[in-house]
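Before any comments, here is the structure.
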């Protein structure tokens, strides 16, 4: 078991490093930096946010850093700022989905297709186990990010 756990740890380190490098390459292909692309991804998956909410999602400060990020994304056409319909004092940042899909959709579509082809070679039980492992790895990463941010 020890050898299997060590191989798994090595594979996880490799996967995480490659995932970060992949995301950086995708961001650069769209003229963004990694943090900008992650902010766009969070807005797509979790919905529109106030600048403060987006700062909390990304771990950036609510001050100048998040404003600069939103300004860059707005200039590039990836997000828009709009007044909240329920509370006109609030500004919400929303993704321009069509722009994101046009610029990075083909890259993600290609990798999704390759991943689907690989998963098709596995049994249902293997896919379910892989899903469980990835889900738990994501939870552990999220918990550790929260732990580091709370310091």
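Derivation of every value follows stated rules applied to the coordinates shown; laboratory data play no part. Source: prediction; values computed, not measured. Neighbour counts run over all protein chains shown; Cβ positions are idealised from the backbone, glycine included.
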Connecting C-alpha atoms closer than 10 Å in a GNM of the chain, tell me which of 54, 122, 92 has the biggest fluctuation.
122
Treat region 2-120 as a sphere of radius equal to its Kirkwood radius over Cα pairs and apply Stokes-Einstein at 25 °C in a medium of 0.890 mPa s; give the translational diffusion coefficient in µm²/s, rounded to a whole number.
153
Between the Cα axis of helix 2-29 and the main Cα principal axis of the chain, the angle (0 to 90°, nearest 10) is 30
Longest principal axis of the chain (C-alpha) makes with the long axis of helix 34-46 (C-alpha) an angle, in degrees to the nearest 10, of 90
The chain: most fluctuating residue of 116, 55, 39 per GNM, C-alpha cutoff 10 Å:
116
Between residue 29 and residue 135, how many nm apart are label points set 7 Å from Cα along the C-beta direction?
2.9
For the chain, what is the relative contact order in percent, using Cα pairs closer than 8 Å and at least 6 residues apart in sequence?
16
Using only helices, what value at 222 nm comes out for the chain when you add -39,500 (n - 2.57) per DSSP H run of length 4 or more and divide by the total residues, to the nearest 500 deg cm²/dmol?
-25000 deg cm²/dmol
Residues residue 20 and residue 116, FRET efficiency given R0 of 35 Å [Cβ-Cβ distance, rounded to 0.05]:
0.95
On C-alpha positions alone, give me the angle between the axis of helix 64-76 and the longest principal axis of the chain, in degrees, nearest 10.
90
Obtain the nm distance between the two label points defined at residue 107 and residue 7 by a simple spin-label model: each point lies 7 Å from its Cα along the Cα-to-C-beta direction.
3.2
Hey, in the GNM for the chain with a 10 angstrom Cα cutoff, which one of 108, 118, 78 fluctuates hardest?
118
